[in-house]
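Q: Here it is: the structure, laid out below.
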Amino acid sequence: MNTAPPVIAVEELTMRYGERLIQRDLSFTVNQGDIFIIMGGSGCGKSTLLRHLIGLQEPASGNVRFSGQDLWRGDDATRTAIQRRCGVLFQSGALWSSLTLSENIMLPMTEIAALKPAIARELAAVKLALVGLAGFEDFYPSEISGGMKKRAALARAMALDPDILFFDEPSAGLDPLSSAHLDELILELRASLGATIVVVTHELASIFAIGNNSLFLDADSKTMIAGGNPNTLALSGPDTVRAFLNRGKS
Amino acid sequence: MTDRPASAECQVDASVAICRLAGDWRTSQVLPVMDQTKIGGCTALSFDCHELGEWDSSLLVFVLQMTKTAEQNNCRLDTAGLPAGLVRLLQLARAVPAKAQTDEVLHEDGVLEYVGNVTLATWWRIPQNLAFIGDLTQSLGRFVTGKARYQRANLLLFIEDAGPRALPIVSLISFLVGTILAYMGAAQLTLLGAQIYIADLVGIGMVREIAALMTGIILAGRTGAAYAAQLGTMQVNEEIDAFRTFGLPVSDFLVLPRFLALLVMAPLLTLYAGIVGVAAGMLIATTVFDVGAFAYFNQTVKALTLTHFAVGMIKGTVYGALVALAGCLCGMRCGRSAQAVGDATTAAVVLGILLITIAASLLTMVFQRLGI
């Protein structure tokens with residue numbers, strides 16, 4: 001019997017921007033090896049929830065625990081330690097524009113993992129090859145396409161071999177083929193690295209293709225209204241969720 | 001095809017209003033205005049469009065207004081006479097009822113609200129600003145003990161950009177300011193036949209005060225603005241968030257090299273500006289006011305002590321540090337839009353110049369008191 005605490009446990013999380021309530025009373029757990037989808041309509045607070053999970057924004061109330069360790073109530077060292085277990089793929093890629101792709105991936109390796117530059121350079125080349133960008137080491141982010149930026153950013157997110165990966169709208173701005181390719185890459189990552197993956201998306205194809213657990217945030221009631229396997233939710237979830245997952249057709 | 005003017009008439013027949021629409025309806029033309037009160041007493045409204053030619057959204061606006069009036073007067077609407085496309089557009093436009101405003105949304109504030117909002121925003125920013133300065137102080141501490149994590153190549157790039165690349169504009173402005181000082185001094189001093197003292201005036205004035213001030217203002221407009229725009233854009237692109245999620249100290253990586261670059265280059269630029277200003281003064285004094293070049297040089301050397309150079313360079317260093325602080329602070333607290341980057345850049349320049357002016361008067365007073 002496995003009694004280890006879940007990889008991520010969120011309890012009674014309430015998020016606000018100043019006075020404005022974004023979402024309240026969110027409680028859910030993400031288990032080892034899950035591909036957990038955070039879904040919901042535009043502007044419901046999906047990305048804000050992600051920012052709370054990766055330590056960029058402090059909750060108004062509630063807890064976020066990683067393997068039992070509190071992200072926000074602990075000291076800075078605990079938070080940094082948790083953040084270093086996580087890799088984040090931002091919506092816009094967020095590659096550092098003054099560095100080449102290879103330098104982007106090397107920076108966390110040399111600065112955090114204290115690797116020698118020569119080793120980091122080799123590792124960076126391998127990470128780029130994993131996402132299909134071998135040979136692009138010395139390109140600057142402004143010199144490659146949007147889809148390539150996303151993949152390069154994924155390579156950077158994997159720089160420190162994180163055991164939890166966060167994706168913010170991975171398929172936003174990608175054509176269907178690149179988007180499907182990214183989905184395959186996500187599945188591949190889980191299979192090969194055993195990573196736990198949290199994805200914010202409203203792309204239905206992705207939701208069904210990769211998600212095995214999910215959370216639906218509702219913009220009107222400002223809380224979660226369903227959770228579980230998206231395929232099950234599409235058949236037997238609440239009306240709003242069923243409509244969302246079936247593009248309005250029931 | 002001939003353009004027929006648009007027209008609309010309303011005929012009331014036994015409490016049924018028939019609206020005849022004719023001609024070509026285009027937004028670019030003058031559109032008919034109809035007295036909508038006629039619909040008031042009617043029980044039904046229908047349309048006759050046999051004479052209607054081409055139409056665009058101007059017709060939709062017109063018909064929508066009529067349907068609203070009709071609804072307010074409980075008048076039944078018959079859209080059968082309208083073109084099929086227009087009926088579909090009407091249905092689309094009316095499919096979702098207008099959002100009922102529960103909270104009143106005010107986009108234009110009164111003067112008092114504006115002042116209140118600005119005051120509150122400034123108040124809320126105080127802890128943020130203190131945290132920024134605290135972070136930077138920690139970074140500087142780590143730098144001194146050799147533990148700061150930044151990229152040396154980056155520091156060199158910032159130094160190159162802040163220093164050597166600013167030389168042309170610093171040269172031009174200090175040369176012109178030196179010229180102005182020489183002319184201003186000469187206007188009074190020639191009355192006494194004391195043109196030789198132009199050397200003292202230009203020398204001490206430039207080296208001690210004006211070189212630093214001009215350099216500070218040039219740096220605020222050139223480098224401070226660039227820092228705010230760079231950091232602001234990084235904020236928009238989530239690049240700064242990326243640093244945070246890796247647990248990398250943003251202040252070490254992004255703020256420290258910029259701050260150090262200005263701290264190193266500002267006094268050097270000040271020194272350079274002072275020398276260029278003195279040379280400009282000499283050029284004017286010798287060519288326009290008949291002062292011998294050698295005499296001018298001697299007089300300048302006599303007037304300028306190392307203290308003057310030291311005071312000028314201390315001021316330059318302080319101004320440089322303030323410009324870096326203003327630029328990085330405004331960049332780091334930038335919002336996530338193009339507009340916000342513009343605001344951050346403006347704020348960086350304004351704050352930079354404001355801080356320079358305050359520091360200039362304080363330092364002048366302090367040096368005066370100390371008798372330096």
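The values are calculated or read from the model by the stated rules, or taken from the named source; none is laboratory data. None of the values given here were measured: they were computed from a predicted structure. Counting neighbours? That spans all protein chains shown, and the Cβs are built from the backbone with ideal geometry, glycine included. What goes into the accessible areas is simple: the full protein's heavy atoms, side chains included, and nothing from ligands, DNA or RNA. Shrake-Rupley method; radii C 1.70, N 1.55, O 1.52, S 1.80 Å.
Q: Antiparallel DSSP bridges in chain B: what percent, to the nearest 5? The partial results should precede the final answer.
A: Working: 7 of 17 bridges.
Here the share of antiparallel DSSP bridges comes out near 40 percent.
Q: With angles folded into 0 to 90 degrees, how steeply does helix B:225-236 sit against the dominant principal axis of chain B? Use alpha carbons for both and round to 10.
A: The two axes meet at around 40 degrees.
Q: Restrict the search to segment B:314-356; then list the trypsin sites (Lys or Arg not before Pro) that DSSP places in a loop and that have at most 14 other Cβ atoms within 10 Å of their Cβ. It would help to have the intermediate numbers written out before the result.
A: Working: sites: B:K315, B:R333, B:R336; in loops: B:R333, B:R336.
Within segment B:314-356, the qualifying trypsin sites (Lys or Arg not before Pro) (loop, at most 14 other Cβ atoms within 10 Å) are B:R336.
Q: Would you kindly find the accessible area of B:Y183, with a 1.4 Å probe and non-protein molecules such as ligands, DNA and RNA excluded, rounding to the nearest 10 Å²?
A: 110
Q: Moving on to the next point. Could you rank B:D56, B:D3 by how accessible they are, 1.4 Å probe, largest area first? Mind showing how you got there, number by number?
A: Numbers: B:D56 45, B:D3 90 Å².
The ranking, largest first, comes out as B:D3, B:D56.
Q: Kindly sort B:H50, A:H202, B:H308 by accessible area of their heavy atoms, largest first, with the probe set to 1.4 Å.
A: On the way: B:H50 165, A:H202 80, B:H308 30 Å².
Result of the area sort, largest leading: B:H50, A:H202, B:H308.
Q: How big is D for chain B, in µm² s⁻¹ as a whole number, if Stokes-Einstein is applied with the Kirkwood radius of its Cα pairs at 25 °C and 0.890 mPa s? Mind dumping the intermediate values first?
A: Values: Rh = 26.8 Å.
Translational diffusion coefficient: 92 µm²/s.
Q: Moving to a separate point now. Just add up the charged neighbours of B:T27: K/R +1, D/E -1, any other residue whose Cβ is under 14 Å from the Cβ of B:T27.
A: With Lys, Arg at +1 and Asp, Glu at -1, the neighbours total -3.
Q: Next up: Starting from the Cα gyration tensor of segment B:184-254, multiply each eigenvalue by 5, take the square root, and state the resulting semi-axes largest first in whole Å. Could you put the intermediate results ahead of the total?
A: Working: eigenvalues 496, 26, 4 Å².
So the three semi-axes of segment B:184-254 are 50, 11, 4 Å.
Q: Evaluate the relative contact order of segment B:124-370 (contact order divided by residue number), counting alpha-carbon pairs under 8 angstrom at least 6 apart; express in whole percent. Before the final figure, lay out the partial values.
A: Numbers: 351 pairs, mean separation 77.8, N = 247.
So the answer I get is 32 percent.
Q: Note down the relative contact order for chain A as a percent, whole number, built from C-alpha pairs under 8 angstrom at least six residues apart.
A: Computed over chain A, the figure is 24 percent.
Q: Here's a follow-up. Going by alpha carbons, how many degrees (0 to 90, nearest 10) lie between the helix axis of A:146-157 and the longest principal axis of chain A?
A: Taking Cα atoms only, the helix is inclined about 80 degrees.
Q: With each pseudo-label sitting 7 Å past Cα toward Cβ, what's the A:A134-B:K302 distance in nm, one decimal?
A: 7.9
Q: Now, a different point. Add +1 for every Lys or Arg and -1 for every Asp or Glu among the other residues with Cβ under 11 Å from the Cβ of A:G33, and state the total.
A: That works out to -1.
Q: Leaving out ligands, DNA and RNA, calculate the buried accessible area for the pair B and A with a 1.4 Å probe, summed over both sides, in Å² to the nearest 100. It would help to have the intermediate numbers written out before the result.
A: Values: alone 20520 and 11720 Å², together 30540 Å².
Interface between B and A: roughly 1700 Å².
Q: Right, next: Taking amide hydrogens as modeled 1.01 Å from N in the peptide plane, which residues meet the under 5 Å criterion relative to A:L89, leaving out close sequence neighbours?
A: Under 5 Å from the amide H of A:L89 lie the amide H atoms of A:F166, A:F167, A:D168, each far enough along the sequence or on another chain.
Q: With a 1.4 Å probe and all protein chains kept in place, how much accessible area does A:S142 have, in Å² rounded to the nearest 10?
A: It works out to around 100 Å².
Q: Something else now. Can you give the longest stretch of chain B with no exposed loop site, where a site means GluC sites (Glu not before Pro) in a DSSP loop (not H, G, I, E or B) with at most 15 other C-beta atoms within 10 Å?
A: Working: sites that count: B:E51, B:E104, B:E108.
The longest such stretch corresponds to B:109-372.
Q: Residues of segment B:229-250 that become at least 10 Å² less accessible with every protein chain present than in their own chain isolated, using 1.4 Å: which are they?
A: Those residues are B:N237, B:E238, B:E239, B:D241, B:A242, B:F243, B:R244, B:T245, B:F246, B:G247, B:L248.
Q: I've got another one for you. Specify the inter-centroid distance of segment A:188-205 and segment B:187-218, based on alpha-carbon positions, in whole Å.
A: 69
Q: Also: List the residues, sorted by chain then number, that are 5 or more residues from B:W25 or on another chain and whose placed amide H is less than 5 Å from its amide H.
A: The list, which skips near neighbours in sequence, is B:G53, B:E54, B:W55, B:D56.
Q: Can you give the three extents of the C-alpha atoms in the protein assembly as shown along their principal axes, from longest to shortest, in whole Å?
A: 106, 80, 47
Q: Further question: At a probe size of 1.4 Å, how large is the accessible area of B:V30, to the nearest 10 Å²?
A: That residue has around 130 Å² of solvent-accessible surface.
Q: Treating the angle as unsigned and between 0 and 90°, give the value, to the nearest 10°, between the Cα long axis of helix B:57-72 and the longest Cα principal axis of chain B.
A: 60
Q: Ranked from the most accessible area to the least, with a 1.4 Å probe and all protein chains present, what is the order of B:W124, A:W72? Intermediate values should be presented prior to the final figure.
A: On the way: B:W124 170, A:W72 30 Å².
The ranking, largest first, comes out as B:W124, A:W72.
Q: Go through A:K249/B:K99; A:K149/A:K249; A:K46/A:K249; A:K46/A:K116; A:K222/B:K68; A:K46/B:K99 and tell me which ones have a Cα-Cα distance over 32 Å in this structure.
A: Numbers: A:K249/B:K99 25 Å; A:K149/A:K249 35 Å; A:K46/A:K249 23 Å; A:K46/A:K116 38 Å; A:K222/B:K68 34 Å; A:K46/B:K99 24 Å.
Violating the 32 Å limit, Cα to Cα: A:K149/A:K249; A:K46/A:K116; A:K222/B:K68.
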